[in-house]
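The values are calculated or read from the model by the stated rules, or taken from the named source; none is laboratory data. Everything numeric here is computed off the predicted structure, so don't read it as measured data. Quick reminder, even Gly has a Cβ in these numbers, built from the backbone with ideal geometry, and neighbours come from all protein chains shown. Remember, those area values only see protein heavy atoms, side chains included, never the ligands or the DNA or RNA. Shrake-Rupley method; radii C 1.70, N 1.55, O 1.52, S 1.80 Å.
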Amino acid sequence: TAFEMDLYAGRFMYGGSTITQQLVKNLYFTRSKTLARKLQEGFVALYLETALSKERILELYLNCIEFGRGIYGIEAAARQYFSKHCWELLPEEVAFLMMCKPSPRDCQRLFDRQRGVRGVWREKVDFVLGRLTTLAGVIDETEHQAALARPIRFASPE
């Protein structure tokens, strides 16, 4: 596990956080990687999980995470990258934004450099689309195939 790997390394190198823990960290704590902070984060996360539904926690999380320099929240990301409201996004556009999470500034550089998603970036999006189909059941196989066939085009910069 991430915790065991951190113990072996003698420092906090790996995540292992739940979405609730990431939300708590983003809202209430600094980025310092200390055992005390992780414990506090865990207690607050446990409280939030008893006080809020999973859907509400996910909504809060999606509205506070970074999608690029100065782009915080799913609505801001949808507007910046695709000139749409988040509820208007196509499955492949949602997959692109989900793929951005580990390194949002890389996604923004991609947006700044070109007008579409190709190569390894498209492969990553297609992988996320597959997960949305098989694991999460968010889209069905027909929607999955249509999303794979459509190119992902960014909005023109404003």
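Rounded to two decimals, what is Rg over Rh for the range 12-72 when you use alpha-carbon atoms and the Kirkwood radius?
0.97
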- Mean ellipticity per residue at 222 nm, deg cm²/dmol - from DSSP H runs of n ≥ 4 across the chain, formula -39500 (n - 2.57): -18500 deg cm²/dmol
- Rounded to the nearest 20 debye, dipole of the chain from Cβ charges on Lys, Arg, Asp, Glu: 660
- Item | Mean shadow area of the range 50-130, taken as a quarter of the surface of its Cα convex hull (nm²) | 5.8
- Residues of the chain: accessible area per residue with a 1.4 Å probe, Å²: 63
- Message: Students often get this wrong, so check it: of Lys33/Lys54; Lys25/Lys101; Lys101/Lys124, which have C-alpha atoms separated by over 19 Å?
- Response: Lys33/Lys54
- Note on the structure: Per the 1/(1 + (r/R0)^6) rule, R0 = 41 Å and r from the Cβ atoms of Ala149 and Thr18, FRET efficiency to 0.05 is 0.75
- Message: I'd like the carbon and sulfur percentage of the solvent accessible area for the range 38-79, probe radius 1.4 Å, heavy atoms only, ligands and nucleic acids excluded.
- Response: 61
- Query: In the chain, which Cys residues have no partner Cys with a Cβ closer than 4.7 Å?
  - Reply: Cys64, Cys86
- Message: Using the alpha carbons of the chain, what is the convex hull volume per residue in cubic angstrom, as a whole number?
- Response: 137
